[in-house]
Amino acid sequence: MARYTGPSCRLCRREGQKLFLKGERCYSTKCAMDKKSYAPGQHGQSRKKLSDYGHQLREKQKAKRFYGILETQFRNYFDKAAKKKGITGENLLIMLETRLDNAVFRMGFASSRKEARQLVLHGHFTVNGHKENIPSFAVKEGDVIKVKEKSTSSPKFKEIKDMSISVPAWITVDVDKLEGKVVAMPRREDIDTPVAEHLIVELYSK
């Protein structure tokens, strides 16, 4: 399974904003963006004016990095979004938002999408009572995502019970039961990921 294995903080610096790829570290003084808010590399501090194509490319790269997806899979999501009824850009974000790893992150069961992906891969969650270890699994309205009984004793999940979790409107969470439910499909206004999806559509429509 292909995945990015380089430094996460380098991606944030390249996009010029925090992508919150390292969980709690991103909120601390150790965050690389607070120390070096310029792009990595020899010419990182020399700001250049971006062309229209450059802006479109950066938005696409930003979206990929927010959700931890590589180019081929991201393009497949776009092609599926374009075939669905509605606005292509919004369809794309909704499909990314309803990935299982993102839902786990949104429910507060992981401090970052990267950690959520790892927890799903290691089989710590069930969907509607069935073990699911595919991060890209698409959740739908009515699905119940729960921490496996054998995993509830893990220190990671014990900490969650003592936390106050803020979740988006399309899901609910029962912290005591370590489970969450998809009560509705997300709408564009429910998605706070700072991405200008229309620029991605323009890029792929050329």
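The values are calculated or read from the model by the stated rules, or taken from the named source; none is laboratory data. What you see is a predicted model; the values in this text were computed from it and never measured. Don't worry about glycine lacking a Cβ; one is built from the backbone with ideal geometry, like all the others, and counts go over all protein chains shown.
Annotations
- In the set GLU159, GLU141, GLU197, GLU189, only one residue is acidic (Asp, Glu) and surrounded by 17 or more Cβ atoms within 10 Å (Cβ to Cβ); that residue is GLU197.
- Reported count of residues in segment 110-132, each being more than 11 Å from the chain's Cα centre (by Cα), of a type in the set (D, E, K, R) and crowded, with 23+ Cβ neighbours inside 10 Å, is 0.
- Only listed residue being surrounded by 11 or more Cβ atoms within 10 Å (Cβ to Cβ), modelled with pLDDT of 90 or more and either farther than 30 Å from HIS55 by Cα or assigned by TED's automatic domain parsing to the domain that holds GLU71 (or both), chosen from THR152, THR172: THR172
- Matching residues in segment 72-99 - criterion: being within 14 Å of the chain's Cα centre (by Cα) and of a type in the set (A, V, I, L, M): LEU92, LEU93, ILE94, MET95, LEU96
- Residue selected from segment 51-109 under the condition loosely packed, with under 15 Cβ neighbours inside 10 Å and among the polar types (S, T, N, Q), by the criterion farthest from ARG187 (Cα to Cα): SER51
- Lone qualifier among LYS84, LYS49, LYS140 - being assigned by TED's automatic domain parsing to the domain that holds GLY180 and not aromatic (Phe, Trp, Tyr): LYS140
- Checking each residue in segment 165-203 for being in a loop (DSSP other than H, G, I, E, B), under 18 Å from the mean Cα position of the chain (by Cα) and among the β-branched types (Val, Ile, Thr) picks out ILE165, VAL167, ILE191, THR193, VAL195.
- Residue tally, condition part of a helix (DSSP H, G or I) and either touching a residue at least 60 places away in the same chain (Cβ under 8 Å) or outside the structural domain of ALA138 (by TED's automatic domain parsing) (or both), over segment 105-125: 4
- Screening HIS130, HIS198 for residues that are in the same structural domain as TYR53 (by TED's automatic domain parsing) and either farther than 20 Å from GLY68 by Cβ or at pLDDT below 95 (or both) leaves exactly one candidate, HIS198.
- Residue list for segment 172-206, filter: without any contact (Cβ under 8 Å) to a residue 60 or more places away in the chain and of a type in the set (Ser, Thr, Tyr): THR172, SER205
- Criterion: out of contact with any Cys (no Cβ under 9 Å at 6 or more places or on another chain), within 30 Å of ASP176 (Cβ to Cβ), of a type in the set (Gly, Ala, Ser) and modelled with pLDDT of 60 or more - qualifying residue of ALA81, ALA103: ALA103
- Residue count for segment 74-104 under the criterion of being among the aliphatic types (A, V, I, L, M) and not in a helix (DSSP H, G or I): the result is 1.
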